[in-house]
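Each remark here refers to the structure printed beneath this line.
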Amino acid sequence: MRKTSLLLAPVLAAAALLPLQAADPTAPVYWSAAKTTELDQTAASRLNKKAGLGTSRLMDSAFILYREGNSQAEIHTEQADFIFFREGQGTVIIGGKIVNAKPTGAGELRGDSIDGGTKYPVKAGDSIYVPKGSPHQFWLESGQHFTATIVKITPKE
């Protein structure tokens with residue numbers, strides 16, 4: 001019994017360090033332009049150079065994305081993305097087939113790239129809706145970057 005406790009202790013300690021995922025707020029939340037700018041800067045400061053992205057969480061179903069590199073191709077099987085581009089420019093590829101798709105989490109597939117698909121050039125002020133189950137990928141030319149707000153939507157069927 002003591003050996004089991006010793007083996008379980010590191011697992012419990014690691015679990016305690018994982019961030020708890022809370023539900024979206026039930027009361028209104030207001031983000032002023034100044035607060036949004038601050039969150040944009042936070043996302044940019046969290047840039048993972050290898051992945052080419054940084055984020056700031058607004059709530060479970062929404063976040064700010066700063067991107068200056070290409071993403072992997074991905075599919076969300078249960079949620080859609082509503083993306084509001086607020087600064088910069090790039091391209092979103094939607095449709096086609098993911099090359100080397102592998103499950104990476106609940107309701108999520110990721111892969112190397114998209115074969116086929118439609119390219120949508122995007123810039124500040126543009127919005128795009130990516131339906132659930134649709135392969136999509138962010139593509140940026142050298143020197144490009146963008147900041148966007150992404151809202152996850154669970155569509156009614």
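Here is a yes/no grid of residues against (1) in contact with a Gly (Cβ under 9 Å, 6 or more places away or on another chain); (2) modelled with pLDDT of 95 or more:
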site: MET1; (1), (2): no, no
site: PRO25; (1), (2): no, no
site: ALA62; (1), (2): no, yes
site: LEU65; (1), (2): yes, yes
site: ALA73; (1), (2): yes, yes
site: ARG86; (1), (2): yes, yes
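Quickly run through region 96-110 and pick out the residues that are surrounded by 15 or more Cβ atoms within 10 Å (Cβ to Cβ) and either under 22 Å from ILE153 (Cα atoms) or among the charged types (D, E, K, R) (or both).
Those that are surrounded by 15 or more Cβ atoms within 10 Å (Cβ to Cβ) and either under 22 Å from ILE153 (Cα atoms) or among the charged types (D, E, K, R) (or both): GLY96, ILE98, LEU109, ARG110.
Scanning for something assigned to a loop (DSSP other than H, G, I, E, B), at positive phi and either touching a residue at least 12 places away in the same chain (Cβ under 8 Å) or over 13 Å from the mean Cα position of the chain (by Cα) (or both), does region 120-134 turn up at least one residue?
Yes - at least one qualifying residue is present in region 120-134.
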Identify all residues within region 124-157 that are among the basic types (Lys, Arg) and surrounded by 16 or more Cβ atoms within 10 Å (Cβ to Cβ); write none if there are none. LYS132, LYS152
Being of a type in the set (Asp, Glu) and within 15 Å of the chain's Cα centre (by Cα) narrows GLU141, GLU108 down to just GLU108
Given (1) at pLDDT 95 or above; (2) out of contact with any Gly (no Cβ under 8 Å at 6 or more places or on another chain); (3) more than 28 Å from SER32 (Cβ to Cβ); (4) of a type in the set (Gly, Ala, Ser), ALA80 misses just (3)
Kindly indicate whether ALA13 is over 20 Å from the mean Cα position of the chain (by Cα) and modelled with pLDDT of 95 or more. no
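The values are calculated or read from the model by the stated rules, or taken from the named source; none is laboratory data. Just so it is clear, the structure is predicted and the values come from calculations on it, not from any experiment. Note that we place each Cβ from the backbone using ideal geometry, even for glycine, and neighbour counts take in every protein chain shown.
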